[in-house]
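This report concerns only the one structure given below.
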């Protein structure tokens, strides 16, 4: 199977320095205070359902805004930018009656991000930029019943997730993504469907991209929503041989650190972390300043825990610029040699011997 040339360039960059991934897309979109008409544009002015809040749709109706946001993160020092496709598969798009736009949205989102990344790569040839095709968790969960009175009920199954993800990944690859990023994973079974779909599309196209995986520890319990610890999550996903494994969202840097350290101890892949800018206040806003956030991430770099760092909810280009300025003082984490053993995962890890 063919590996794209940018994969070798990415490997070289990751060996030389801590890579910086961008910050929150939604936070930046909110600053534009867009109304229903902005989301609709001319193309969807007669659409039957309200679409405000469908941020992924903006790659079709407000592409200049999305490209501008990418540019701000690239200017701040991001090596990796994520496509604006967090919910751009037909399961989530059904909320807006826009399922049939899924492939097109992913295609255009990747093209927009690639255009922005290519501009900056040309300006800084010693610092190439890469596009992560963002694959979110969907708004459904395959492992947990949404009905408290019926624990066996599921509103989605593995094959439905797999087919939706295949369509998304095709669009991301056709648009020029360098990496497939399966992110904000709260249900490992959803992520397995995304991984399966990604490998299917690689086989279809005869092309293999690097895969990044990023889970979400939802609270101080140290577990994903579907109940796994960080170590068990890694054992569930390591068969994909990802370029990186890590965590994003839900927690700020201070609370995320123990779980990043847990992954760094057991994973023979690169470690990524892009926490929120602290925890939300009573208004749902994030108050952690760029300086505060960077200072809380700095010990991760100093202790050799991290290969890729950035920000999630509440983070802005200023946050990313501060994190990048701290990261450049340190070497990336050295991948450990892990002794071969049988490693299994349920909610907890099991290591034989």
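The values are calculated or read from the model by the stated rules, or taken from the named source; none is laboratory data. As the structure is a prediction and not an experimental result, all values here were calculated from the model. Cβ sites come from the backbone with ideal geometry, for glycine too, and all protein chains shown count toward neighbours.
Computed quantities for the displayed model
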quantity	calculated
Where residue 120 falls short, out of the listed (1) within 17 Å of the chain's Cα centre (by Cα); (2) part of a helix (DSSP H, G or I)	(1)
Residue check, residue 148 in contact with a strand residue (DSSP E or B) (Cβ under 8 Å, 6 or more places away or on another chain), farther than 17 Å from residue 199 by Cα and not in a helix (DSSP H, G or I)	no
Single match in 314, 310, 246, 304 (criterion: more than 27 Å from residue 84 (Cβ to Cβ) and modelled with pLDDT of 95 or more)	304
Qualifying positions in the stretch 259-302 - part of a loop (DSSP other than H, G, I, E, B), out of contact with any strand residue (DSSP E or B) (no Cβ under 9 Å at 6 or more places or on another chain) and free of Cβ contacts under 8 Å to residues at least 40 places away in the same chain	281, 282, 283, 284, 285, 289
Flag for residue 255 being out of contact with any strand residue (DSSP E or B) (no Cβ under 6 Å at 6 or more places or on another chain), farther than 22 Å from residue 69 by Cβ and surrounded by fewer than 23 Cβ atoms within 10 Å (Cβ to Cβ)	yes
Selection count where residues are assigned to a helix (DSSP H, G or I) and crowded, with 19+ Cβ neighbours inside 10 Å, scope the stretch 203-241	9
Cβ-Cβ under 7 Å pairs, at least 6 apart or on other chains, the stretch 41-58 side within 16 Å of residue 99 (Cβ to Cβ), far side exposed (fewer than 14 other Cβ atoms within 10 Å of the Cβ) and at pLDDT below 95	none
Residue match in the stretch 277-284 (condition: touching a helix residue (DSSP H, G or I) at 6+ places or on another chain (Cβ under 6 Å), surrounded by 21 or more Cβ atoms within 10 Å (Cβ to Cβ), more than 20 Å from residue 190 (Cα to Cα) and modelled with pLDDT of 95 or more)	yes
Matching residues, the stretch 86-126, being surrounded by fewer than 18 Cβ atoms within 10 Å (Cβ to Cβ) and in contact with a helix residue (DSSP H, G or I) (Cβ under 8 Å, 6 or more places away or on another chain)	99, 100, 104, 115, 119
